[in-house]
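Shown next, in structure tokens, is the structure this report addresses.
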Amino acid sequence: MLRLYYHPSPNPAKVALFLEEAALEYEVVPIDTRKGEQHSAEFLRINPNAKTPALTDGAATVFDSNAILLYLAEKTGRFFGKHTPEDRGALYSWLMFVATGIGPYCGQAVHFRHFAPEPKTYALNRYDFEAQRHWKIVDAHLEGREFMVSDEYTIVDMALWGWARVIPFALGPEAFASLANVKRFLDAINARPAAMRVEALKTAHTYKTEFDDDAKKALFPQNARLTA
Ligand SMILES: N[C@@H](CCC(=O)N[C@@H](CS)C(=O)NCC(=O)O)C(=O)O
């Protein structure tokens, strides 16, 4: 049985979308990151990086959302696009673009827009600019096309969807105004039954919602250095 170590946030959601789309049987193991459960010794044996998601599949353990998407695509042969040099080249390129660009820059844009103490103008400007720059590249690529790779729904679309859902939170409420193709892409995936089932995972378990000092300690351990 597949076990998905989950928190309802962008990176875990991508993997849940694959599992739902492929109709794979899986068990959700909630990891409440605001309670610091990502740092438990038990979870660190599964993901030494102390982040969600992670997946176990019998003896196999996989961590990092994009690695898990590749693992599942290879395991099932689903959502991997056409096995041609042209499509594989595009799939790997866009998947790494999401993994190393969209994800980290959006994550930091969220941090500096909502959570970092002042002064933060320089940092917010840098990450907001880079996140927007990446999304504009995606928006241009999606002009006149439904999916990121060729004409097939693939793991790249799933990876992108995880972050497209939080664009207004990451980049501000007006961000979609200049990302019409991304918005159309997001709406189309949101309308899929699998995406609706992922949305429902938010309430399938109870996760801490308070963003109190303990949550900040768990999520931003670096701040301890500022008071030491
Ligand atoms: N590169 C990792 C990043 C994972 C990540 O940052 N996960 C977030 C949720 S989206 C998390 O677990 N945060 C908890 C923490 O930073 O302590 C991936 O793609 O899986």
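Any residue in region 122-148 that's assigned by TED's automatic domain parsing to the domain that holds residue 106: show its pairings with residues that are polar (S, T, N, Q) at Cβ separation under 6 Å, as long as the two are six or more apart or on different chains.
Here the result reads 127/108; 139/181; 142/181; 143/181, each pair linking region 122-148 to a residue that is polar (S, T, N, Q).
Applying the selection to region 70-86, what residues are within 13 Å of residue 57 (Cα to Cα) and either touching a Cys at 6+ places or on another chain (Cβ under 6 Å) or touching a residue at least 60 places away in the same chain (Cβ under 8 Å) (or both)?
72
For region 10-34: of the residues being among the charged types (D, E, K, R) and more than 25 Å from residue 221 (Cβ to Cβ), which is surrounded by the most Cβ atoms within 10 Å (Cβ to Cβ)?
Once the filter is applied, the top-ranked residue is 21.
Against the conditions (1) more than 12 Å from the ligand (Cβ to nearest atom); (2) within 27 Å of residue 5 (Cα to Cα); (3) among the polar types (S, T, N, Q), where does residue 125 fall short? Just the number, please.
(2) is the only condition that residue 125 fails.
Out of all the residues in region 1-44, which are part of a loop (DSSP other than H, G, I, E, B) and closer than 21 Å to residue 214 by Cα?
Matches in region 1-44: 7, 8, 9, 31, 32, 36, 40.
Tell me the residue from 99, 73 that is over 24 Å from residue 196 (Cβ atoms) and of a type in the set (Gly, Ala, Ser), please.
That would be 99, the only listed residue that is over 24 Å from residue 196 (Cβ atoms) and of a type in the set (Gly, Ala, Ser).
Could you check how many residues of region 103-150 are surrounded by 12 or more Cβ atoms within 10 Å (Cβ to Cβ) and on the phi > 0 side of the Ramachandran plot?
The number of residues fulfilling the criteria is 1.
Counting just the residues of region 35-49 that are near the ligand (Cβ under 9 Å from one of its atoms) and crowded, with 19+ Cβ neighbours inside 10 Å, which one comes out farthest from residue 217 (Cα to Cα)?
47
Which one is farthest from the ligand (Cβ to nearest atom), of the residues in region 55-76 that are more than 13 Å from the chain's Cα centre (by Cα) and among the aliphatic types (A, V, I, L, M)?
Among residues in region 55-76 that are more than 13 Å from the chain's Cα centre (by Cα) and among the aliphatic types (A, V, I, L, M), the one farthest from the ligand (Cβ to nearest atom) is 59.
Of the residues that make up region 206-228, is at least one assigned by TED's automatic domain parsing to the domain that holds residue 133, out of contact with any Asp or Glu (no Cβ under 7 Å at 6 or more places or on another chain) and acidic (Asp, Glu)?
Within region 206-228 (the criterion being assigned by TED's automatic domain parsing to the domain that holds residue 133, out of contact with any Asp or Glu (no Cβ under 7 Å at 6 or more places or on another chain) and acidic (Asp, Glu)), the answer is no, since none of the residues qualifies.
Just to be sure before I move on: is residue 64 closer than 14 Å to residue 162 by Cα and among the acidic types (Asp, Glu) in the structure I sent?
yes
On the basis of being surrounded by 13 or more Cβ atoms within 10 Å (Cβ to Cβ) and among the small types (Gly, Ala, Ser), does residue 180 make the cut?
It is false that residue 180 is surrounded by 13 or more Cβ atoms within 10 Å (Cβ to Cβ) and among the small types (Gly, Ala, Ser).
For region 213-228, which residues satisfy the criterion of being exposed (fewer than 10 other Cβ atoms within 10 Å of the Cβ) and acidic (Asp, Glu)?
213, the sole residue that qualifies.
Scan region 27-34 and tell me whether some residue there is more than 16 Å from the ligand (Cβ to nearest atom) and assigned by TED's automatic domain parsing to the domain that holds residue 205.
yes
The values are calculated or read from the model by the stated rules, or taken from the named source; none is laboratory data. Worth saying up front: this structure is predicted, and the values here are computed from it rather than measured. Don't worry about glycine lacking a Cβ; one is built from the backbone with ideal geometry, like all the others, and counts go over all protein chains shown.
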